[in-house]
Amino acid sequence: MKHYKKISGRRFVTAFVLGMLCIHFAHAQTAAPGAPQVPAQVSRDAQRAYETTRDKLVQIRTLLRNSNTQASLGSGFFVSGDGLIITNFHVASQLALEPERYRGVYVPVDGKEAEVELLAFDVRNDLALLRVKAPSANMPLLAFRDPAKPLARGERIYSLGNPLDIGFAVTEGTFNGLVQRSFYPRIFFGGALNPGMSGGPALDDAGQVVGVNVSKRQGGELLSFLIPAEFAQALLARAASARPITRPAHAEVARQLGEHQALLTQKFIAAPLRPQKHGGYIVPVPEDSLARCWGRGRDPDFKAFDLERTDCQIDSHVFAGDFNTGFIRLRYEAYDAPRLGPLRFSAMYSQSFANEHFANRGSRKSTPAECSERFIEADGMAMRAVLCMSAYRKLPGLYDVSVLTMSVNQPAGGVQGRMDAQGVSFENGLALVAHYLDGFKWKAAP
């Protein structure tokens, strides 16, 4: 077994930086899938919403240029008379990242396919702005609801799109406020969304756009989510006259993800970590306003030792092409095993630590992980820590960071912790690790 000099958590981070300076890093859909839900019988209001909107709805398809075969699909809607279309970024991401390989088309209700080009996108809010290449004069368009007239809880909403590529449809539901703990504002829509409806509009009773379909929650009924219309309006105002994107836009995706991770890091470090006690151990847990945390323990009939687990995650995922990134997750395990004895406990405890396979061996998306291991001195206890980082190959300046820790100060008990931060800068990754390690403490019983 290797032995290391004990150092503080922040000195560990400093040592890791120095070690990393010698390492070269290569810089680098959808409403959630599932069985379609059967919507309730459509009301007359929903019928009216569909009939007055059908000529403004489109299906968005991406096609392989060589074979002309369909690669992905979603929905969209016209927002200007000269052929501008709003949809989701995850619907049009292939046009942004591989325009040499994919082309985009739109298909209106009458089925007449025509080409579109990508003008701009908002990765953080999963939006994209397209333009018809050969628009007709005075094309029909949907208007946005005035932001000064907020929705009231319980107000009816009508979501439109082309679910599962079986035809245009409308689903009726209610506005239930904004999603709690969502990193960016999302509307909680009490209605059914299905794959293929992503990017379609959600309307109020007056037929004005209040949101853009984006996703639904698996394992529940009528738990769907919309991007507030204000973000689509902002993208339209910013990019209505933009030139089309014809080359891979990895640098722009990386720039927007960089803004996201900077805000995520700022919020995580600014919010004090809540102390969670396990015997004499204190582990850092995010505030309830920032993350969802779940806890569980081992079956009480198992008498050999006691085990408690906590799993926390910040709802800050961002879709970045063919993967999700931009989130922080924390997990803990607390062991108490007075009946096992030091040797048996040490073997079980060490095996649990070794079972954490978090070192990335490299892929087309990221470089192999580089890791550093140290014994560190936390507040009142010794800990073993392993820190790993890997770089995104096509998104320069972004890294995945993982740190795994275990206490080594008690013969028949201890805590293990792990933090994963995805899509962060090198400096912010280290700042997150230092903040996390500072939250571990040992308070022996008086």
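Odds and ends about this structure:
- Selection status of THR246, of a type in the set (Ser, Thr, Tyr), touching a Phe, Trp or Tyr at 6+ places or on another chain (Cβ under 9 Å) and over 19 Å from GLY74 (Cα atoms): no
- Residue within region 74-87 that is under 23 Å from LEU226 (Cβ atoms), part of a loop (DSSP other than H, G, I, E, B), in contact with a Leu (Cβ under 8 Å, 6 or more places away or on another chain) and not hydrophobic (A, V, I, L, M, F, W, C) present: yes
- Matching residues, region 402-446, being within 16 Å of HIS260 (Cα to Cα) and assigned to a helix (DSSP H, G or I): PHE426, GLU427, ASN428, GLY429, ALA431, LEU432
- Among the residues of region 348-388, those identified as hydrophobic (A, V, I, L, M, F, W, C) and in contact with a Leu (Cβ under 9 Å, 6 or more places away or on another chain) are MET348, PHE353, PHE358, CYS371, ILE376, ALA378, MET383, ALA385, VAL386, LEU387, CYS388.
- For region 324-340, taking the residues that are over 9 Å from the mean Cα position of the chain (by Cα) and of a type in the set (Phe, Trp, Tyr), the one that is modelled with the highest pLDDT is identified as TYR332.
- If you go through region 194-222 and keep only what is part of a loop (DSSP other than H, G, I, E, B), touching a Pro at 6+ places or on another chain (Cβ under 8 Å) and not polar (S, T, N, Q), you end up with PRO195, GLY196, MET197.
- Residue ID - farthest from ALA304 (Cα to Cα), chosen from residues in region 395-412 that are buried (at least 20 other Cβ atoms within 10 Å of the Cβ) and out of contact with any helix residue (DSSP H, G or I) (no Cβ under 8 Å at 6 or more places or on another chain): ASP400
- Residues (surrounded by fewer than 14 Cβ atoms within 10 Å (Cβ to Cβ) and either not in a loop (DSSP other than H, G, I, E, B) or not assigned by TED's automatic domain parsing to the domain that holds GLY76 (or both)) located in region 116-158: none
- Within the set SER366, SER372, the sole residue that is out of contact with any Ser or Thr (no Cβ under 8 Å at 6 or more places or on another chain) and small (Gly, Ala, Ser) turns out to be SER372.
- Region 317-350, subset of a type in the set (S, T, N, Q) and more than 30 Å from HIS260 (Cα to Cα), residue surrounded by the fewest Cβ atoms within 10 Å (Cβ to Cβ): SER350
- Every residue from region 281-306 that is surrounded by 13 or more Cβ atoms within 10 Å (Cβ to Cβ), of a type in the set (Lys, Arg) and either assigned to a strand (DSSP E or B) or at pLDDT 90 or above (or both): ARG292
- Of the criteria (1) closer than 24 Å to LEU97 by Cβ; (2) assigned to a strand (DSSP E or B); (3) touching a Lys or Arg at 6+ places or on another chain (Cβ under 7 Å), which one PRO368 fails: (2)
- Within the set GLU100, GLU172, the sole residue that is surrounded by 14 or more Cβ atoms within 10 Å (Cβ to Cβ) and acidic (Asp, Glu) turns out to be GLU172.
- LEU226 assigned by TED's automatic domain parsing to the domain that holds ILE187, touching a Gly at 6+ places or on another chain (Cβ under 7 Å), on the phi > 0 side of the Ramachandran plot and of a type outside the set (Val, Ile, Thr): no
- In region 159-190, of all residues being outside any loop (DSSP other than H, G, I, E, B) and of a type in the set (D, E, K, R), the one that is farthest from LYS267 (Cα to Cα) corresponds to ASP165.
To keep it simple, each residue is scored yes or no on (1) in a loop (DSSP other than H, G, I, E, B); (2) among the aromatic types (Phe, Trp, Tyr); (3) touching a Gly at 6+ places or on another chain (Cβ under 9 Å); (4) over 30 Å from VAL253 (Cβ atoms).
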| position | (1), (2), (3), (4) |
| --- | --- |
| LEU330 | no, no, yes, no |
| LEU340 | yes, no, no, yes |
| PHE345 | no, yes, yes, yes |
| SER352 | no, no, no, yes |
| ARG364 | yes, no, no, no |
| PHE375 | no, yes, no, yes |
| ALA382 | no, no, no, yes |
| ASP400 | no, no, yes, no |
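- Scanning region 223-249 for residues that are in a helix (DSSP H, G or I) and either among the polar types (S, T, N, Q) or under 18 Å from the mean Cα position of the chain (by Cα) (or both) yields PHE231, GLN233.
The values are calculated or read from the model by the stated rules, or taken from the named source; none is laboratory data. As the structure is a computational prediction, the values presented were derived from the model and not from experiment. FYI the Cβ positions are ideal-geometry reconstructions off the backbone, even for glycines, and counts take in every protein chain you see.
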